[in-house]
Amino acid sequence: MKGESFKNEEIVQIIQNGNKHEKSRVLAYLYKLHYPKISKYIRNNRGDEAEAKDVFQDGLLVLYNQIEDGKFEGRSSVGTYLFTIVKNFWRAECKRKQKVLNIPIEENHLMENQTIEDLFSSQEDVRKLDMLFGKLGKGCKDLLTSFFYHEQKVSEIKEKLSLGSDQAVRTKKFRCLQKLTAIFKESKITKDQFSIEY
């Protein structure tokens with residue numbers, strides 16, 4: 001519906017309990033409301049429109065899954081939380097590509113609930129993560145290796161792994177990262193064992 005809006009509580013309620021049509025409306029609303037600002041941020045920090053779309057969709061997928069799983073605690077607005085996720089994704093991407101971001105010093109930190117993706121993209125010695133990778137199934141290992149080690153585009157990974165769509169790649173990537181995070185948490189490896197700069 002044109003011009004409709006949703007409060008934070010409504011967004012959470014619909015994502016957790018709504019039907020497919022209601023969820024689609026909420027996602028369309030979030031895209032319309034927040035994508036322009038996020039796109040501008042990415043383009044102002046050495047990115048282009050295609051990269052802005054990719055990182056926004058990755059961030060929206062993470063937000064959706066965290067709300068659906070009850071992990072969004074509502075300490076900030078949905079929009080602020082989404083923007084934080086996207087900024088962290090883009091910092092990680094730029095660090096891999098050795099780009100320089102126009103980020104104020106006070107913003108230069110990882111999210112409190114840091115993920116294995118943050119660790120992977122920011123540490124120097126990948127030996128320990130290689131060990132964790134060995135515990136993943138072949139499908140997840142191939143996908144994450146293609147994305148992080150070889151820095152292949154979503155479209156390239158889709159063709160390489162015979163996945164049906166770009167969204168299928170992003171969804172599988174997210175699920176594989178969840179598996180890797182679980183392995184990480186079950187292992188004896190701590191953040192201090194990685195060469196991470198905060």
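Things worth noting here:
- Filter pass, residue 81 being in a helix (DSSP H, G or I), more than 11 Å from the chain's Cα centre (by Cα), at pLDDT below 90 and surrounded by 13 or more Cβ atoms within 10 Å (Cβ to Cβ): yes
- Just one of the listed residues (153, 99, 135, 87) is modelled with pLDDT under 85 and in the same structural domain as residue 16 (by TED's automatic domain parsing), namely 99.
- Residue within region 37-47 that is farther than 24 Å from residue 4 by Cα, charged (D, E, K, R), under 15 Å from the mean Cα position of the chain (by Cα) and surrounded by 14 or more Cβ atoms within 10 Å (Cβ to Cβ) present: no
- Within region 55-70, the residues that satisfy the criterion of being in contact (Cβ under 8 Å) with a residue 12 or more places away in the chain and either hydrophobic (A, V, I, L, M, F, W, C) or surrounded by fewer than 20 Cβ atoms within 10 Å (Cβ to Cβ) (or both) are 55, 56, 57, 60, 61, 62, 63, 64, 65, 67, 68, 70.
The values are calculated or read from the model by the stated rules, or taken from the named source; none is laboratory data. Since we're looking at a predicted model, the values are computed, not measured. Cβ: placed from backbone, ideal geometry, glycine included. Neighbour counts: every protein chain shown.
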